[in-house]
Amino acid sequence: MIKLKAHTNIALGYFFLVALLGVFLRFFFVIPIPANFRYVVHAHSHVALLGWVYIGLSTLFYKMYISEVSSGKTYRRIFRFTQVTILGMLVTFPFTGYALFSISFSTLFLFASYFLAWFFLKKTPSKYKTTCSFKLIKASLWYMVFSSIGPWALGGIMATLGSGSIWYKMAIYFYLHFQYNAWFILALLGIFFYFLEQQNLRYQKKDFKSFFWQLNAAVILSFFLSVLWVEPHWIYYVLGGIGAILQITAFVKFWKIISPFRKELPFSPFLTLLLKITAVLLMIKLILQLLSALPRFARLAFTFPDFVIGYLHWVFLGVVSILLFVFLAHGRLLWLSRWVFWLYFTAFVLTETLIFYKGLASWLEFNLFEDYFRLLAYSSLIFPVAIGIMLLRNLLRKSQTSFNSL
């Protein structure tokens, strides 16, 4: 039997380590640290995406679709193999950057992700395969596989053109786009629809079909927003803009689908509040992407990297991580108290404000206030505190209780 709560704790453990690495990176600008900043960034970003989010999503998928069938042995092997690759990246990237062992573990992880995609596509019972939720999950898994073209291309680009080539950045942006805007978002939407289906909430299939195809078209076309930093032909701005608009219209359709049931959602009042917060964060994300289709804002985003860093953290720490908290909590895999969440959210608001403030300071050419970097580092310290408490309480709590009582 797979102990999914233990898998949740492993995912949270990775998130805790990611938060510690984030604090370590902040203190590079406060005190002398005898380490390579870029190497630590590689470890921080890889474990964030491939440890916390990847393990969190796969744990939920297993609980949703596989826990009732006897495929635990295969999944356990894939899970263990995946942990070897993630831990390998965690201990090699900070010391070597992109080198033999870190690249080897990264490559092995790609194979592990292919096995995982095959596992869910193959082993999910047929009764689920016609559901709307699984259509989203299936698409998200294919996007996860598709995103791996970026890492595969990096090796050839580094060997021939070098890391200074525009194609090096293109490969990274390709990977990040299809991770953030496709694999993560569609997977989380699929989990949301699964919970609706479990409550037998009936929505119009034609509305879902329209939403699904608009969202997929938006995913493909909005990739062109990631190439605008090279100031390409005007057609790329048009394609990226269409993708950004389609994202907005897709989520308008999504609201139309769920609005008749908003009072019947199966989530507790506290988790429903977190969903509302996430909806606001998602709306701001969509607006930022739409603005980035305009040449002026495209240049602004890529001239001042703090805007890109702020955006990536906005999606990862805000939209994706909070939704993971909600779904893991609703699935009785995570015990989430109000005060711990608000501690986490305080860290999110403080750090995002400071990151975007620095971007504005660079753009408008005014000086940062004294002790800016120290305040950012201290604000970042709240993340591992909140996540560490969350992890500790989840480890100590043997059984889950109804969140209506929290």
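The values are calculated or read from the model by the stated rules, or taken from the named source; none is laboratory data. No experiment lies behind these values; they were computed from the predicted model shown. Using ideal geometry, Cβ is built from the backbone for each residue, glycine included, and neighbour counts are taken over all protein chains shown.
Of all the listed residues (Leu116, Leu154, Leu108), the sole one being within 26 Å of Val315 (Cα to Cα) and not assigned by TED's automatic domain parsing to the domain that holds Phe223 is Leu116.
The criterion of at least 3 residues that are over 21 Å from Ser58 (Cβ atoms) and within 19 Å of the chain's Cα centre (by Cα) is met by the following helices (runs of 4 or more DSSP H) wholly inside the range 115-189: 166-178. Residues that are on the phi > 0 side of the Ramachandran plot and in contact (Cβ under 8 Å) with a residue 60 or more places away in the chain are absent from the range 139-148.
So that you can scan it fast, the table gives a plain yes or no per residue for (1) at pLDDT 95 or above; (2) of a type in the set (A, V, I, L, M, F, W, C); (3) out of contact with any strand residue (DSSP E or B) (no Cβ under 6 Å at 6 or more places or on another chain):
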| site | (1), (2), (3) |
| --- | --- |
| Thr85 | yes, no, yes |
| Tyr98 | no, no, yes |
| Phe109 | yes, yes, yes |
| Phe115 | yes, yes, yes |
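Selection over the range 309-318 of residues that are buried (at least 18 other Cβ atoms within 10 Å of the Cβ) and among the hydrophobic types (A, V, I, L, M, F, W, C) gives a count of 4.
Matching residues to (1) modelled with pLDDT of 95 or more; (2) surrounded by 20 or more Cβ atoms within 10 Å (Cβ to Cβ):
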{"position": "Val320", "(1), (2)": "yes, yes"}
{"position": "Arg338", "(1), (2)": "yes, no"}
{"position": "Phe341", "(1), (2)": "yes, yes"}
{"position": "Val349", "(1), (2)": "yes, no"}
{"position": "Phe356", "(1), (2)": "yes, no"}
{"position": "Glu370", "(1), (2)": "no, no"}
{"position": "Phe373", "(1), (2)": "yes, no"}
{"position": "Val385", "(1), (2)": "yes, no"}
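Quick one: Gly164 ticks every box in (1) touching a residue at least 60 places away in the same chain (Cβ under 8 Å); (2) surrounded by fewer than 16 Cβ atoms within 10 Å (Cβ to Cβ); (3) within 28 Å of Phe224 (Cα to Cα) bar one, so which box is it? Looking at each condition in turn, Gly164 falls short on (1). Reported count of residues in the range 137-183, each being modelled with pLDDT under 90, more than 25 Å from Ala301 (Cα to Cα) and hydroxyl-bearing (Ser, Thr, Tyr), is 1. Being in a helix (DSSP H, G or I), closer than 30 Å to His7 by Cα and modelled with pLDDT of 95 or more is true of Ile277. Assessment of the range 217-225 against the conditions (part of a helix (DSSP H, G or I), buried (at least 21 other Cβ atoms within 10 Å of the Cβ) and touching a Pro at 6+ places or on another chain (Cβ under 9 Å)) yields at least one matching residue. Within the range 196-245, the set of residues being among the basic types (Lys, Arg) and either without any contact (Cβ under 8 Å) to a residue 40 or more places away in the chain or in contact with a His (Cβ under 9 Å, 6 or more places away or on another chain) (or both) comprises Arg202, Lys206, Lys209.
Note on the range 18-55: residues that are farther than 19 Å from Ser106 by Cα, in a helix (DSSP H, G or I) and in contact (Cβ under 8 Å) with a residue 60 or more places away in the chain total 7.
For the range 358-368, a tally of residues being in a loop (DSSP other than H, G, I, E, B) and either surrounded by 13 or more Cβ atoms within 10 Å (Cβ to Cβ) or touching a His at 6+ places or on another chain (Cβ under 7 Å) (or both) returns 1. Remark: Ala48 matches the filter, which requires a residue to be under 27 Å from Leu396 (Cβ atoms) and outside the structural domain of Gln179 (by TED's automatic domain parsing). Arg80 meets the conditions (1) part of a helix (DSSP H, G or I); (2) touching a residue at least 12 places away in the same chain (Cβ under 8 Å); (3) surrounded by fewer than 19 Cβ atoms within 10 Å (Cβ to Cβ) in every case but one. The failed one is (2).
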